[in-house]
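Colleague: Just dropping this structure here.
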Amino acid sequence: MNEYIEAIDDNRKTWDHVCDLFADAAALPEWGPFGIGEDLDLIGDIKDKTFLDIGCGSGRSIAYLIQNGAKKVYGLDLSRRQLEEARSFNAPWTKDGNIVYLEGKMEDKFDIGRVDCVVSVYAIGWTVSPENTFKNIYERLKPGGKFIWSWDHTFFTDIRYDQGSGNFIVIYSYHDEDPIILENWRKEGARAHITYRKTSSWFRYLRDAGFDITGYYEPKTRTGTTLSRKPARFRAVSSSSAKNLIKSY
């Protein structure tokens, strides 16, 4: 348990440090880099529904939900600086308690009422305890509620595209699920803890928490974005069809 506390504390400090780099990162209606998933309509009707956004970051997904008629959105994030940015960004459409910010860990129980839908865009993979995180989410959903989230396909994190040779290089074993410490992450002097989990492991954690998995998507990247015009980056992502989108009930 002590290693969990250290990992969460390091990751909190790291996100406080690098939050400006991700202020306009992937957010709804997109589910990841390169516009993936925007055309899938996974959430359905938003109007008058209540939402919890896990790892809400700079609050861009919250803005999308509120502007499309959500009754209430809870935004949970580990980083105080991320939440400060979210509050500032969403100030123009915040009224009558329609947005509630929660500073805390996804591994801890959420002190909120039940919601219609839980969403998470590129945050769930940072959890140090999928068992606790998924159990917490399941307990906060209304009967028939949805949990929709996205994260890197583990295969994507296991390979690197070498632009010089045009080859893919394997850098991790797909079966290795030991925690990794990334020193100087994003070249910002930050220390990040992460575990690259197999797809089968994610499915097991979801089922053990009580979810029925109703959809699993590996969408292709969408062209025409700023990032898609960077050949090495786009080639590596599109060739590996690297993003997961999982819809659970």
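The values are calculated or read from the model by the stated rules, or taken from the named source; none is laboratory data. In this text the structure is predicted, and so the values were computed from the model without any measurement. Note that we place each Cβ from the backbone using ideal geometry, even for glycine, and neighbour counts take in every protein chain shown.
Per-residue answers, yes or no, for (1) over 23 Å from ALA7 (Cβ atoms); (2) surrounded by fewer than 22 Cβ atoms within 10 Å (Cβ to Cβ); (3) touching a residue at least 12 places away in the same chain (Cβ under 8 Å):
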residue	(1), (2), (3)
ASP77	no, no, yes
ARG81	no, yes, yes
ASP96	yes, yes, no
VAL100	yes, yes, yes
GLU107	no, yes, yes
ARG114	yes, yes, yes
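Colleague: Then there is this: Which helices (runs of 4 or more DSSP H) sit wholly inside the range 1-108 and have at least 1 residues that are in contact with a Ser or Thr (Cβ under 6 Å, 6 or more places away or on another chain) and of a type outside the set (A, V, I, L, M, F, W, C)?
Modeller: Where helices (runs of 4 or more DSSP H) fall fully within the range 1-108 and carry at least 1 residues being in contact with a Ser or Thr (Cβ under 6 Å, 6 or more places away or on another chain) and of a type outside the set (A, V, I, L, M, F, W, C), they are 2-18, 80-90.
Colleague: When ILE171 is evaluated against the numbered criteria (1) over 19 Å from ALA25 (Cβ atoms); (2) modelled with pLDDT under 95; (3) surrounded by 12 or more Cβ atoms within 10 Å (Cβ to Cβ), which criterion, by number, is the only one it fails?
Modeller: Tallying (1) over 19 Å from ALA25 (Cβ atoms); (2) modelled with pLDDT under 95; (3) surrounded by 12 or more Cβ atoms within 10 Å (Cβ to Cβ), ILE171 fails exactly one: (3).
To keep it simple, each residue is scored yes or no on (1) on the phi > 0 side of the Ramachandran plot; (2) not small (Gly, Ala, Ser).
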site	(1), (2)
ASP10	no, yes
GLU30	no, yes
GLY37	yes, no
LEU42	no, yes
ASP48	yes, yes
ASP53	no, yes
GLY59	yes, no
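Colleague: For the range 167-211, give me the residue count where each residue is assigned to a loop (DSSP other than H, G, I, E, B), over 19 Å from the mean Cα position of the chain (by Cα) and more than 23 Å from TYR138 (Cβ to Cβ).
Modeller: The qualifying residues number 10.
Colleague: To continue, here is another question. Please work out which residue is modelled with the highest pLDDT, limiting yourself to the range 26-37 and to residues that are in contact with a helix residue (DSSP H, G or I) (Cβ under 8 Å, 6 or more places away or on another chain) and within 10 Å of TYR122 (Cα to Cα).
Modeller: It comes out as ALA27.
Colleague: Continuing with the same structure: Among the residues of the range 128-168, how many are β-branched (Val, Ile, Thr), modelled with pLDDT of 95 or more and touching a helix residue (DSSP H, G or I) at 6+ places or on another chain (Cβ under 8 Å)?
Modeller: 3
Colleague: Output the residue which, of all residues in the range 115-153 that are part of a helix (DSSP H, G or I) and aromatic (Phe, Trp, Tyr), is nearest to ASP178 (Cα to Cα).
Modeller: In this case the residue turns out to be TRP126.
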